[in-house]
Every structure is written in C-alpha cells, then in structure tokens.
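The values are calculated or read from the model by the stated rules, or taken from the named source; none is laboratory data. Small disclaimer: the values here were computed from a predicted structure and weren't measured. Please note: Cβ atoms are built from the backbone with ideal geometry, for glycine as well, and neighbour counts cover all protein chains shown.
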Amino acid sequence: MTTGSARRSVSVMKHLTTAAVSAAALLALATASASAHPTATSLRLVQHEHHFQFVDVAPKGGLRKPPTMGDQYVIGGVVTGAGKPGLSNLVCTVTQPGAKGVSECVGTIVLAKGTISFGGISHLATNGDTFAIVGGTGSYAGAHGLLIGTQGKNGDTNLQVKLG
C-alpha cells in the first residue's frame, strides 16, 4: 500500500514519462512527414521507459515527498509506432515545487535519419503535457509543431506528434 505522498511521487514520475513518450511521438511524426507533405502531419507513437533517475537536491525528501526546487527527473526510453524503433531522452527540472508543482523540460528523440528536439512546461499533478517542437537535425532540420504526451498502460506514454 502506498501513501498519498508516494502516490503523488509516482504520479509525477508517470507524468514525466508521458513527457518523454510525447517527445518520441513527435519524432515519429517528423519521420512520416519529412519525405512527402509540406502540410501538417500527425502521428501516434508509444514511448517505453527504460531508464528513470530522480535527482534529489537539498532539501532532500526522496520519492515519498513532493519535489523541491531544482529536483530533476531524467528519463530515457525507446519509441515505437513509426517503423524502426527510436530513442527518447528527457530531463525535467522542478521550477515550482510541491505536489502540484511545475517543471521545465527539454528532450530529444533520436531516429535513424536525425533528431527532433522539444521543450516546455510540465505540470506534475496532471496526466498530459504539450511541448513545442523546437528543431531537429538531419531529415528533421527545421522541424516545428507540437508534441502531446499522455500516460498509457503499463507505464508507457502515448505520444501524438503534430508537425506543421
């Protein structure tokens, strides 16, 4: 049985995983749209978290207490749903502490033909975030649009990538 604060910490971890998954979905969408259409494209992906690290800065509270200013969540995973698997990387730093706090996140999705980078605010107590796609490399150079992530089943994150 978990306590309320432990549930909040788990919710925060799931939310950050959702952010990473959202980034992966964005990358898959960019792959699908890079070859054909200059118009807006949408793609759905799934991010599978493989690595998670909580960086607890002073005052240290661990995962059983709400995060404090400067705490970080570092997440790495695999993205599926758009051909060959890719990688997802995300770092979120808590900027407004507490159970309903906010973090600033930056992430990158790595695919065979390049990378897609995204960033924005993550609300720790919600299930879903929208990030701005801020660029890319290779076939994704100049990428822009939105990456939307929501918590899926089994700890996975559903990502909807909208390139415009």
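Worth a mention:
- Residues being within 14 Å of residue 109 (Cα to Cα) and either in contact with an Asp or Glu (Cβ under 6 Å, 6 or more places away or on another chain) or touching a residue at least 24 places away in the same chain (Cβ under 8 Å) (or both) - total across segment 127-144: 8
- Residue check, residue 22 modelled with pLDDT under 85 and not in a helix (DSSP H, G or I): no
- Listed conditions (1) without any contact (Cβ under 8 Å) to a residue 60 or more places away in the chain; (2) farther than 21 Å from residue 141 by Cα; (3) not charged (D, E, K, R) are all met by residue 73, apart from (1).
- Within segment 38-51, residues that are modelled with pLDDT under 70 have Cβ atoms under 6 Å from residues that are in a strand (DSSP E or B) in these pairs: 43/161, counting only partners at least 6 apart in sequence or on another chain.
- Residue match in segment 53-60 (condition: modelled with pLDDT of 90 or more, assigned to a strand (DSSP E or B), of a type outside the set (A, V, I, L, M, F, W, C) and more than 21 Å from residue 100 (Cβ to Cβ)): yes
- When residues of segment 78-116 are limited to those that are of a type in the set (Gly, Ala, Ser) and touching a Phe, Trp or Tyr at 6+ places or on another chain (Cβ under 9 Å), the one farthest from residue 136 (Cα to Cα): 103
- Reported count of residues in segment 117-140, each being at pLDDT below 85 and of a type in the set (A, V, I, L, M, F, W, C), is 1.
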